[in-house]
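Readers should treat all values here as calculations from the given coordinates under stated rules, not as data from a laboratory. Please read all numbers here as calculations on a predicted model, not as lab measurements. When we count neighbours, we look across all protein chains shown, and the Cβ atoms used for this are built from the backbone with ideal geometry, even at glycine.
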Amino acid sequence: MDVVRLRKLARKSVFWFGKYEGVSVQQIIDLNKWTYLRWVYFNCGEVTFMDEILKEILVPDDMRIDKPGTHPELHEILREKLAKNLHFKTRAHIDKVKRIQRQHKEISSRRKELASKAVMQACNLHRIKD
């Protein structure tokens, strides 16, 4: 017999998984991480939130799903819908931040390649021969 577990989180509830493990729902809201909370709602079948929290993180009544269950596609639809409603300056800022983050990621991956063990060994061997 399968036991269906469903957790309905309130503001004081603390996450027991993910990158915000040990952090309360209210703290995540205060950090403006609404996208993460929406992701949890649509992708974690055993987790839901109180109705007031769902309203606050902008999950409309017509996009609510039956729990336990998931609907990742609906999350993407809602994300695109909310992105269209953003002011053009806000969208431009978000695009700029993403571009900068992508550049930093590329730079750090190049640094890791240059500092790989094989490269460092080759440099050391070259120094010894000279």
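Cross-link candidates for Lys96: which aspartates and glutamates have Cα within less than 19 Å, leaving aside residues fewer than 8 places away along the same chain?
By straight Cα distance, Lys96 reaches Glu80, Glu106.
Using Cβ counts within 10 Å as a stand-in for footprinting exposure, how do Ser24, Ser108 rank, fewest first?
Lowest count first: Ser108, Ser24.
Rounded to the nearest 0.05, what FRET efficiency do Lys12 and Ser109 have when you use their Cβ-Cβ distance and R0 = 35 Å? Mind showing how you got there, number by number?
On the way: r = 40 Å, r/R0 = 1.14.
Calculated transfer efficiency: 0.30.
What's the FRET efficiency of Arg102 with Asp62 using the Cβ-Cβ distance as r and R₀ = 35 Å, to the nearest 0.05?
0.55
Among (i) 15.7; (ii) 18.2; (iii) 14.4, only one was calculated for this model; which label is it, if the read-out is Kirkwood radius over Cα pairs in Å?
(ii)
So what's the back-of-envelope 222 nm ellipticity for the chain, counting only DSSP H runs of four-plus at -39500 (n - 2.57) apiece and dividing by all residues, rounded to 500? Write down the numbers at each step before the final one.
Working: 6 runs with 75 residues, N = 130.
Estimated from H runs of four or more residues: -18000 deg cm²/dmol.
Give me the aspartates and glutamates in straight-line cross-link reach of Lys12: C-alpha distance below 19 Å, same-chain residues under 8 apart excluded.
Those aspartates and glutamates meeting the cut-off are Glu21, Asp30, Glu46, Asp51, Glu52, Glu56.
Using a Förster radius of 35 Å, what is the FRET efficiency between Lys55 and His93 based on their Cβ-Cβ separation? Nearest 0.05, please.
It comes to 0.85.
Of Met120, His93, Ser108, which is farthest towards the positive pole of region 87-130's charge dipole, taken about the Cα centre with +1 and -1 on the beta-carbons of Lys, Arg and Asp, Glu respectively?
Working it through, the farthest residue towards the positive pole turns out to be His93.
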